[in-house]
Amino acid sequence: MIDNYFDNETFSKIDFAKTKIKKGEYDHCIFSNCNFENVHASAIQFIECEFVHCNFSNAILKETAFKDVNFVNCKMIGVKFNELNPFLLQFTFTGCQLSFSSFYQLKILKTKFKNCNLQEVDFTETVLINSVFDECDLKNTVFDQTNLEKTDFRTSVNFNINPDTNRLQGAKFTKENVLGLLSKYKIDIE
């Protein structure tokens, strides 16, 4: 049973740290300049919603559902995406700050990260088949036992991916950024 149902509504400049977000289902809603920092937003469903210039840093999203959700210019530092409801989980990130977040063991095929800061993010055992990292900074990001088949890294920088411990068949790299696959060998390339 759904507590509350919101359809095609816009929520602007709401500080959910002060005004508690109502549990329920949000369908085709837009959240603009809202603050979710350190907020418990667990067990809420967001379906085909858009979050623009929102702050989700350290938000608790246990069993929250993001189904076809777009995040644009959002600050999402330290978010444990691995605690989300995995059913029909689908999202895109554009211009987002995602450092220190975790996608541990998630199955998020065809996820698009565009112009995002993903420093020190955990993608351990994540399935990212056919995903795109477009102009992203992946410094100190962890890829371990990660399925990166057909994933596009051509415009991203600072990644360090061990081909021995990750699945890379069909992944895309450029000649310039392929060094991120060789760093474990500690070889000198000029």
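Throughout, read-outs are computed from the coordinates displayed, never taken from laboratory work. Owing to the predicted nature of the structure, the values given are computational and were not obtained by experimental measurement. Ideal geometry is used to build each Cβ from the backbone, glycine not excepted, and the neighbour counts take in all protein chains shown.
For the chain, a Gaussian network of Cα nodes joined below 10 Å ranks Ser57, Ser101, Ser42 by mean-square fluctuation, and the top entry is Ser42. Among the chymotrypsin sites (Phe, Trp or Tyr not before Pro) in the range 57-119, those located in a DSSP loop and surrounded by at most 14 other Cβ atoms within 10 Å of their own Cβ are Phe87.
Here's the picture: charge each Lys and Arg Cβ at +1 and each Asp and Glu Cβ at -1 in the range 1-97, and of Asn85, Asn33, Phe11 the one pushed furthest to the positive end of that dipole is Asn33. Once C-alpha pairs closer than 8 Å and six or more residues apart are averaged by separation and normalised to the residue number of the range 1-97, the relative contact order reads 21 percent.
Rounded to the nearest 20, the size of the Cβ-charge dipole of the chain about its Cα centre is 100 debye, with Lys and Arg at +1 and Asp and Glu at -1.
Here is the list for the range 85-114: trypsin sites (Lys or Arg not before Pro) lying in DSSP coil, each with at most 14 other C-beta atoms within 10 angstrom of its C-beta, are Lys110.
Could you tell me which of the pairs Lys23/Lys110; Lys20/Lys139; Lys20/Lys150; Lys22/Lys150 are separated by over 32 angstrom between their Cα atoms in the structure shown?
Lys20/Lys139; Lys20/Lys150; Lys22/Lys150
Net charge in the neighbourhood of Tyr104 (other residues with Cβ under 11 Å of its Cβ; Lys, Arg +1, Asp, Glu -1) is -3.
Considering only alpha-carbon pairs that sit under 8 angstrom and 6 or more positions apart, the relative contact order computed for the chain is 11 percent.
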